[in-house]
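**Student:** Shown below is the structure under consideration.
The values are calculated or read from the model by the stated rules, or taken from the named source; none is laboratory data. These numbers come from a predicted model, not from an experiment. Don't worry about glycine lacking a Cβ; one is built from the backbone with ideal geometry, like all the others, and counts go over all protein chains shown. Side chains included, ligands, DNA and RNA excluded: accessible areas come from the protein's heavy atoms. Shrake-Rupley method; radii C 1.70, N 1.55, O 1.52, S 1.80 Å.
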Amino acid sequence: MDVILFLAFAAIAVVCAVNVVVQTHPISSALSLIGVMGSLAVLYLLLGAEFIAMAQVIVYAGAIMVLFVFVIMLLNAGAESRRGRSLTAQLLGIPGFFALLVLLSYTVLRLFPDAAHVKFGGFTGGSAKDVGKLLFTEYLLPFELTSVLILIAIVGAVVLARKELE
Amino acid sequence: MHPITTVHYLVLSVALLLIGTIGVLTRRNIVIVLMSIELILNAVNINLIAFSHHLQNINGQIFAIFVITDAVAEAAVGLGILIALFRNKETVLADQIDLLRW
């Protein structure tokens with residue numbers, strides 16, 4: 001069951017990720033990216049990270065993607081033309097991608113020859129209670145600094161996107 | 001059937017990282033470049049959570065939360081810059097924005 005779930009959702013994630021890069025229209029890319037986020041949330045659940053899985057669905061698939069779709073609609077950007085795609089880049093790039101993938105996967109396999117099996121329920125430390133306990137004790141200072149970061153980002157986004165006053 | 005190990009998750013993470021990198025390098029539309037950056041950050045999150053499971057240690061998940069927060073801030077500021085850019089140049093294609101070209 002774990003194997004089937006992992007393979008199915010990993011395949012969905014990779015196919016949707018390729019679709020994000022291949023599609024010419026930004027809206028198609030955004031919808032594919034939501035597919036990636038959703039399937040990754042299932043994989044996080046398999047790894048026992050319940051809180052992160054829910055945060056992934058709410059924050060990524062909810063908030064960030066709404067922001068992206070809103071900006072795409074606002075700018076009314078049409079499909080990108082396919083002009084100027086060099087043949088050498090495609091001939092070298094696609095085999096290069098697979099070569100790098102195989103090389104990195106081989107390195108990981110060599111580094112972890114006897115990695116632990118991932119079973120659903122093998123790690124149960126990812127509930128909101130556990131995450132919150134650690135976040136508000138040991139990681140309190142980074143957590144508070146994060147709120148400052150978010151505030152700076154909000155102010156920066158408003159300043160950048162407003163109309164210039166004459 | 002082979003059982004799933006941490007290595008499988010790491011290979012998935014490598015695949016998403018490479019696909020995201022290709023998106024950043026090849027696409028002209030800045031919105032899609034930003035989405036590819038989100039893909040790369042998600043690959044980082046898979047790594048962190050897979051190792052959190054591998055080491056039976058929750059600290060990796062805390063770092064994943066910080067990565068998600070960073071991704072939110074980055075998307076907000078990036079899209080703000082994009083709107084300002086579109087107001088001035090009427091384009092979202094990176095190869096048409098050549099203000100700094102010699």
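**Student:** Considering only residues that are more than 19 Å from B:Ala43 (Cα to Cα) and in a loop (DSSP other than H, G, I, E, B), look in region A:17-71 and name the one that is least open to solvent (accessible area, probe 1.4 Å).
**Tutor:** A:Thr24
**Student:** Could you count how many residues in region B:14-56 are in contact with a strand residue (DSSP E or B) (Cβ under 9 Å, 6 or more places away or on another chain) and either at pLDDT 95 or above or among the small types (Gly, Ala, Ser) (or both)?
**Tutor:** Residues that pass the stated criteria total 0.
**Student:** Which condition from (1) within 28 Å of B:Phe63 (Cβ to Cβ); (2) within 23 Å of the chain's Cα centre (by Cα); (3) among the small types (Gly, Ala, Ser) is the one that A:Ala115 breaks?
**Tutor:** (2)
**Student:** Name the residue, out of B:Asn88, B:Asn57, B:Asn45, that is in a loop (DSSP other than H, G, I, E, B), polar (S, T, N, Q) and either closer than 30 Å to A:Tyr106 by Cβ or out of contact with any Leu (no Cβ under 7 Å at 6 or more places or on another chain) (or both). It would help to see each step written out before you state the result.
**Tutor:** Details: B:Asn88 fails: in a loop (DSSP other than H, G, I, E, B); B:Asn45 fails: in a loop (DSSP other than H, G, I, E, B).
Testing whether each residue is in a loop (DSSP other than H, G, I, E, B), polar (S, T, N, Q) and either closer than 30 Å to A:Tyr106 by Cβ or out of contact with any Leu (no Cβ under 7 Å at 6 or more places or on another chain) (or both) leaves just B:Asn57.
**Student:** Given the residues B:Phe51, B:Phe63, which is the only one that is over 17 Å from the mean Cα position of the chain (by Cα), over 23 Å from A:Ser29 (Cα atoms), open to solvent by 30 Å² or more (accessible area, probe 1.4 Å) and touching a residue at least 12 places away in the same chain (Cβ under 8 Å)? Even if it seems obvious, please write down each step before you answer.
**Tutor:** On the way: B:Phe63 fails: over 17 Å from the mean Cα position of the chain (by Cα).
Criteria check complete, one pass: B:Phe51.
**Student:** Let me ask something additional. Only one of (1) open to solvent by less than 20 Å² (accessible area, probe 1.4 Å); (2) touching a residue at least 60 places away in the same chain (Cβ under 8 Å) fails for B:Ala73. Which number is that?
**Tutor:** Result: B:Ala73 passes all but (2).
**Student:** Okay, moving on. Answer with yes or no whether B:Ala94 is facing chain A (nearest Cβ under 7 Å), farther than 21 Å from A:Phe120 by Cβ, modelled with pLDDT under 90 and open to solvent by 10 Å² or more (accessible area, probe 1.4 Å). Working first, answer last.
**Tutor:** Working: facing chain A (nearest Cβ under 7 Å): no; farther than 21 Å from A:Phe120 by Cβ: yes; modelled with pLDDT under 90: yes; open to solvent by 10 Å² or more (accessible area, probe 1.4 Å): yes.
Here the answer is no, as B:Ala94 does not meet what is asked.
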